[in-house]
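Comments concern the structure below.
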């Protein structure tokens, strides 16, 4: 297996030299456009399909991208990752988050432990704990049931689990799976914890402290904040707290927690939604059966990601098209636009997943690369975004590729018919209309009302946002980001870029500063 | 007054030719860096200051930018706007949102109406209504007080008011000004309304229907959704609804509302937070006195924006530096990073404000421009972002200018001391540290741990996020965006780019489609 920079691949060099471009205003018009919709589609897990008809590709470009995939050995590299190779070379770690939801390769034995067994054992422990909370075996100091679960974590311990909770909250309410409210405290800004504590009943709340290392300053600070509040309310914090951490962390064996559930160094924070990090809060909120269905969806998507042929592998294909857009067409950003209010924080999760994984300037050997890597990711749910930043997407001077997501059915099954259509139909009509407006544009002699078109998008369409669909959606983007890291020859699993700020913040707090750092610290009243 | 394209200005051409660049790794180091912090600062309203020491400017570049401001006639154009000139030429409308909070020019008389008087009359009507709700004069059909206000609106009728409400919620709770909970329904996705309705008590809720035209499909659909729910609960919708709309809209004189408050065509949705659009919900939530304080902060900032000298005009200076970064340094995006959880949705509001105003490719005469215009805007609160997308900001291949916001005091006045510092101190230490990490970087032989630096940022620092500070912050960015529109010679006050999608969506709902549009509509089950 060879790790080579993108610009050294013969298939890539050939594609770069090929000046051929797809004009979407033509390609998406008339019968040819309709035919593309049928043809440029690949099945995903969770009953979804990835449609890329409105991307600036054609059979020739797709063939070239398949050659890039083969030469880069993308399938081989994913297999190596699944087999437990040390893919995170900088930190000398394996990358095992897929093992939390399935086993795609050989048994991975690390320090004598079968890692798949380790992760499923934690899931069983969590499931057991959650059931006891739900059936009243585990109660508060007054013998009363818990009604709220509060996650204390930041970054990957917050964004993914929060986005997943919001994605399934209404679905669970509708379908009788809703067990407990979930809330989240993340920011070291004390107003964050204060705000959450003001709107919950601490006596009936379980707090989940999530920190792999057990040393994340924001999280430990918020833990103390919450403990003080519990004590002030005459409650015993050790009856209200559980920990999700690594076995070697100071939190692991503490008597200050009702229980501790484990993850390890082989699961990065931003890839941890399917580990105990997402498992504890989602199992408490919706029950372990729903968490298991979420994992099943992710596992189904992971299996598709093993296919060597990109035309059958939606994550790999999405990754290749993204690199084509970034490095050949020169687009700097990607917008994620789910037409589902339940996915309101999914773009924020993808923003971390993608930008923290591939926002890097050196390859996996620590050598500077000569090409751009991860784009800026942003987004908000449609139709809200349509009334906001879509103006720039349609008529701005930069082209921003778009990732739409849509479902045929809503979650809550409440709807109204206005002007001969339901809200759900209006929602779907809007996303279909947007794809075409972006692709084909509109001629107009009034240049103010003219749309150039040629603004590429893809859409993932599913029946309904179920636990399985959500799991598949999550795994799709995890695997897309992983494949893009392979293509760019990056290590997508470390995050050295967050370290310098931490070091300097410590210096500020120790009053060990001078120059501009001291000047800013003074201005901020530290 | 001349409207000229940026690239035709002699001062701009001179600046473009000047290859001189500021190296922040030098400029921000040592005593020179400390001196810059003191020197590159300008007072804002609400007790805040705009610091731009960590921007890639020096005295020479600033002098050139001042020449651009003078040649572009920025102050003159703002004065014309304040005096009621038809600045929104495409829609042939005046631009009068500043009149909702002050009077900076001559009386503006339109169709025989003094517009300042019109806006303040609406504020008085709203204040009167809110007081009656608060003191129990206006009650539900059972004679009980209202406890919750729910805004139904989308785009500018949602993002700004929502961000402002969240910004002051904890401050109001802490300081005894909290009157009513506020909630928001915006998306046409029926799960949005369903979700809000599930978590409020409709019997004690007032719904505020916000639509300038009275024809926004999403908003009317959600109104019907809510009315059905009220009727199903045995309630009389006309006892629970008020309207914020224009006097000429179908909603204006309807008997279906408890009251109607007016705005007009001279206030764009994204500039409407200080009009009745923000006034109704904020006055109900916090009381009219707090809304008035918010307006005072905006008015103070507006007055600073009238100064012709950019060195005394923070919005104009911010605008000029932004154009320098966009058009000369070539940066495609800007990140907004408030170190205050209360500002969690402020970046989403700025995303609309900026991208919808200046995401355009034609000048105010409808002629294509030869330069890039509005950047992509995105952001999340720090410290959360630090554990997410900051990796790319520090070590990615693109440079993203950063707009930090920080305060010396938090809002809730609850805090804990951990490892010899409070949470608030940790928050401030982090933002100070980030500015320096981005500016100066760090040398390291291990390229994986190397930070190139030269990543520019500015920071707005205030004492506390009060109503006055929030108003000033809002007006600062409104005026910055306006000045950038003047510099780029755009009409920042229309949004033709949102029209095509609406037209096509109607065709889908009428089943008047063919080709790819029909194919996508079928896939989405319409």
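The values are calculated or read from the model by the stated rules, or taken from the named source; none is laboratory data. Just so we're clear, the structure is a prediction, and the values are computed from it rather than from any experiment. Reconstructed Cβ throughout: ideal geometry from the backbone, glycine too, with neighbour counts over all protein chains shown.
The table below lists the values:
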{"quantity": "Contacts under 6 angstrom Cβ, first residue in the range A:7-24 being on the phi > 0 side of the Ramachandran plot, partner part of a helix (DSSP H, G or I), 6 or more apart", "calculated": "none"}
{"quantity": "Members of the range B:368-383 that are more than 26 Å from residue B:431 (Cβ to Cβ), at the interface with chain A (Cβ under 7 Å from one of its Cβ atoms) and touching a residue at least 24 places away in the same chain (Cβ under 8 Å)", "calculated": "B:372, B:373"}
{"quantity": "Residues (more than 15 Å from residue A:101 (Cα to Cα) and not in a loop (DSSP other than H, G, I, E, B)) located in the range A:283-319", "calculated": "A:284, A:285, A:286, A:310, A:311, A:312, A:314, A:315, A:316, A:317, A:318, A:319"}
{"quantity": "Condition met for residue A:182 (assigned to a helix (DSSP H, G or I) and closer than 30 Å to residue B:191 by Cβ)", "calculated": "no"}
{"quantity": "Lone qualifier among A:474, A:490, A:470, A:509 - being modelled with pLDDT of 95 or more and under 30 Å from residue B:464 (Cα atoms)", "calculated": "A:509"}
{"quantity": "Every residue from the range A:8-64 that is touching a strand residue (DSSP E or B) at 6+ places or on another chain (Cβ under 9 Å) and more than 10 Å from every other protein chain (Cβ to nearest Cβ)", "calculated": "A:40, A:42, A:43, A:44, A:46, A:47, A:48, A:50, A:52, A:55"}
{"quantity": "Breaking point among (1) buried (at least 24 other Cβ atoms within 10 Å of the Cβ); (2) touching a residue at least 60 places away in the same chain (Cβ under 8 Å), for residue B:395", "calculated": "(2)"}
{"quantity": "Single condition residue A:403 does not satisfy, out of (1) within 22 Å of residue B:509 (Cα to Cα); (2) more than 7 Å from chain B (Cβ to nearest Cβ); (3) outside any helix (DSSP H, G or I)", "calculated": "(1)"}
{"quantity": "Residues satisfying the stated conditions in the range B:229-277, i.e. without any contact (Cβ under 8 Å) to a residue 40 or more places away in the chain, crowded, with 18+ Cβ neighbours inside 10 Å and within 20 Å of residue B:193 (Cβ to Cβ)", "calculated": "B:229, B:230, B:237, B:241, B:243, B:245"}
{"quantity": "Verdict on residue B:361 being without any contact (Cβ under 8 Å) to a residue 12 or more places away in the chain and within 7 Å of another protein chain (Cβ to nearest Cβ)", "calculated": "no"}
{"quantity": "Answer from A:208, A:242 - the residue that is assigned to a strand (DSSP E or B), over 22 Å from the mean Cα position of the chain (by Cα) and closer than 15 Å to residue A:152 by Cβ", "calculated": "A:242"}
{"quantity": "Test: residue in the range A:161-168 that is out of contact with any strand residue (DSSP E or B) (no Cβ under 6 Å at 6 or more places or on another chain), in contact (Cβ under 8 Å) with a residue 24 or more places away in the chain and surrounded by fewer than 21 Cβ atoms within 10 Å (Cβ to Cβ)", "calculated": "yes"}
{"quantity": "The range A:343-365, residues that are in a loop (DSSP other than H, G, I, E, B) and either at pLDDT below 95 or in contact with a strand residue (DSSP E or B) (Cβ under 7 Å, 6 or more places away or on another chain) (or both)", "calculated": "A:361"}
{"quantity": "For residue A:70: the one exception among (1) surrounded by fewer than 18 Cβ atoms within 10 Å (Cβ to Cβ); (2) in a loop (DSSP other than H, G, I, E, B); (3) away from every other protein chain (no Cβ under 14 Å)", "calculated": "(2)"}
{"quantity": "Meets criteria (closer than 25 Å to residue A:348 by Cβ and in contact (Cβ under 8 Å) with a residue 12 or more places away in the chain) for residue B:411", "calculated": "yes"}
{"quantity": "Single residue of the range B:408-433 satisfying the filter (within 7 Å of chain A (Cβ to nearest Cβ) and assigned to a loop (DSSP other than H, G, I, E, B)) that is surrounded by the fewest Cβ atoms within 10 Å (Cβ to Cβ)", "calculated": "B:408"}
{"quantity": "Residue in the range B:183-191 that is free of Cβ contacts under 8 Å to residues at least 24 places away in the same chain, buried (at least 19 other Cβ atoms within 10 Å of the Cβ) and within 13 Å of chain A (Cβ to nearest Cβ) present", "calculated": "yes"}
{"quantity": "Hits in the range A:131-155 - residues which are part of a helix (DSSP H, G or I) and either surrounded by fewer than 21 Cβ atoms within 10 Å (Cβ to Cβ) or touching a strand residue (DSSP E or B) at 6+ places or on another chain (Cβ under 9 Å) (or both)", "calculated": "A:131, A:132, A:133, A:134, A:135"}
{"quantity": "Members of the range B:203-221 that are over 26 Å from residue B:501 (Cβ atoms) and surrounded by fewer than 19 Cβ atoms within 10 Å (Cβ to Cβ)", "calculated": "B:203, B:204"}
{"quantity": "Test for residue A:224: is it part of a helix (DSSP H, G or I), surrounded by fewer than 21 Cβ atoms within 10 Å (Cβ to Cβ) and within 13 Å of another protein chain (Cβ to nearest Cβ)", "calculated": "yes"}
{"quantity": "Residue pairs meeting the criteria (Cβ under 7 Å; at least 6 apart or on separate chains; first without any contact (Cβ under 8 Å) to a residue 24 or more places away in the chain, in the range B:131-145; second surrounded by fewer than 16 Cβ atoms within 10 Å (Cβ to Cβ))", "calculated": "B:136/B:145; B:139/B:145"}
{"quantity": "Leading residue by the ranking (surrounded by the most Cβ atoms within 10 Å (Cβ to Cβ)) among those in the range A:88-118 that are touching a residue at least 60 places away in the same chain (Cβ under 8 Å) and in contact with a strand residue (DSSP E or B) (Cβ under 8 Å, 6 or more places away or on another chain)", "calculated": "A:95"}
{"quantity": "Residue among A:484, A:499 that alone is surrounded by fewer than 23 Cβ atoms within 10 Å (Cβ to Cβ) and not in a loop (DSSP other than H, G, I, E, B)", "calculated": "A:499"}
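For every residue, the table says whether it meets (1) free of Cβ contacts under 8 Å to residues at least 12 places away in the same chain; (2) in contact with a strand residue (DSSP E or B) (Cβ under 9 Å, 6 or more places away or on another chain); (3) facing another protein chain (nearest Cβ under 7 Å).
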residue	(1), (2), (3)
A:435	no, yes, yes
A:439	no, yes, no
A:442	yes, yes, yes
A:453	no, yes, no
A:458	no, yes, no
A:465	no, yes, no
A:473	no, yes, no
A:491	no, yes, no
A:516	yes, no, yes
